[in-house]
Amino acid sequence: MLRSALDRLYLASGWIAAGFLLAIFAVVLGQVLLNLTDVLLRWTLGRPVGLLIPSYAEFAGFFLGAASFFALAYTLKQGGHIRVTLVIQHLPAGLRRWIEVWCCGVGSAVSGYFTFWIARLTEESWRFGDVSYGLVPIPLWLPQLGMTLGALVLTVALLDELQRVARGKPPSYDQGEDLLGPNG
């Protein structure tokens, strides 16, 4: 039951990341269409109207941050992160397992540390009412919340991998390497 819930969490995280990428596409496409309309109006009316999506670059940047952080756990579980396996692939299985445990442990600690501090930053931005500097003042805790939640899901995924490898099971992220074939 817990395994199924965790797998759904990682999949949902990937879908949320994809949703933010689509939001970036929509904002940029909207601005491009408004620019084209403005050019056509300049040709027909002799002057541009000045159509724009206020703070569109800022929105796209916030969406990119959220998409990047939400994609981390899904990408880890799918074996999509870059790993240097040149040395450990030639080690005996027992030693390789301990190195994987160490790597997952360090990754969990670093990710947990980052998650804690980004959560504190998000809480402070909410408490102090910090807003962005663009044309549209966006409360900064909103984009920071996406980073916080994405980092939290990554920490859970790394802890999931840590307990998996510590129990002697192969890490789920190794499955992605098998898809590349013998020549990587």
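The values are calculated or read from the model by the stated rules, or taken from the named source; none is laboratory data. What you see is a predicted model, and the numbers here were worked out from it, not measured in a lab. Every residue, glycine as well, gets a Cβ built from its backbone with ideal geometry; the counts of neighbours run over all protein chains shown. The accessibility values were calculated without ligands, DNA or RNA, using every heavy atom of the protein model including side chains. Shrake-Rupley method; radii C 1.70, N 1.55, O 1.52, S 1.80 Å.
Just to confirm, what accessible area per residue do you get for the chain at 1.4 Å probe, in whole Å²? In whole numbers, the chain has 63 Å² accessible per residue.
Can you give the local net charge around Gln31? Use residues other than it whose beta-carbon is closer than 14 angstrom to its beta-carbon, Lys and Arg +1, Asp and Glu -1. Before the final figure, lay out the partial values.
Working: positive: none; negative: Asp38, Glu58.
Surrounding charge for Gln31 is -2.
Using only Cα positions of the range 137-177, each an equal point scatterer, no hydration layer, compute I(q)/I(0) via Debye at q = 0.34, 0.35 Å⁻¹ and quote the log10 values to two decimals. Here the Debye-derived log intensity ratios amount to -1.03, -1.05.
Calculate what fraction, in whole %, of the accessible area of the chain sits on carbon and sulfur atoms when a 1.4 Å probe is rolled over the protein chains. Percent of accessible area from carbon and sulfur atoms in the chain: 73. Neighbours of Val165, meaning other residues whose beta-carbon lies under 14 angstrom from its beta-carbon, give a summed charge of +3 when Lys and Arg score +1 and Asp and Glu score -1.
How charged is the neighbourhood of Leu140? Take every other residue with its Cβ under 14 Å from the Cβ of Leu140, and add Lys/Arg as +1 and Asp/Glu as -1.
Details: positive: Arg120, Arg127; negative: Glu58, Glu123, Glu124, Asp130.
Local charge sum for Leu140: -2.
Axis angle, to the nearest 10 degrees, between helix 56-77 and the longest C-alpha principal axis of the chain: 20 degrees.
Tell me the Kirkwood radius of the range 65-171: reciprocal of the mean inverse pair distance over distinct alpha-carbon atoms, in Å.
Values: mean 1/r = 0.0649 Å⁻¹.
This gives a value of 15.4 Å.
Candidate values (1) 9, 27, 27, 18, 12, 6, 2, 0; (2) 10, 39, 36, 13, 2; (3) 9, 33, 32, 18, 7, 1 were compared with P(r) over Cα pairs in 10 Å bins from 0, in percent computed on the shown model; the agreeing label is (1). Each label point was placed 7 Å from the Cα along the Cα-to-Cβ direction; for Val106 and Leu29 their separation is 4.3 nm.
What shape does the range 20-129 have by the C-alpha gyration tensor, where a ≥ b ≥ c are the square roots of the eigenvalues, rounded means a/c under 1.5, and otherwise prolate means a/b greater than b/c and oblate the rest? Cα axes put the range 20-129 in the oblate bin. Paramagnetic label reach from Leu52 (point 7 Å along Cα→Cβ; backbone nitrogen cut-off under 16 Å): within the range 109-134, residues 133-134. The C-alpha radius of gyration of the range 115-154, expressed as a fraction of 2.2 N^0.38 Å, stands at 1.16.
Relative contact order, percent, of the range 1-151 when contacts are C-alpha pairs under 8 Å separated by at least 6 residues?
In percent, rounded to a whole number, it is 28.
Against the longest principal axis of the chain, how steep is helix 141-166, in degrees 0 to 90 to the nearest 10, with axes from Cα atoms? That works out to roughly 20 degrees.
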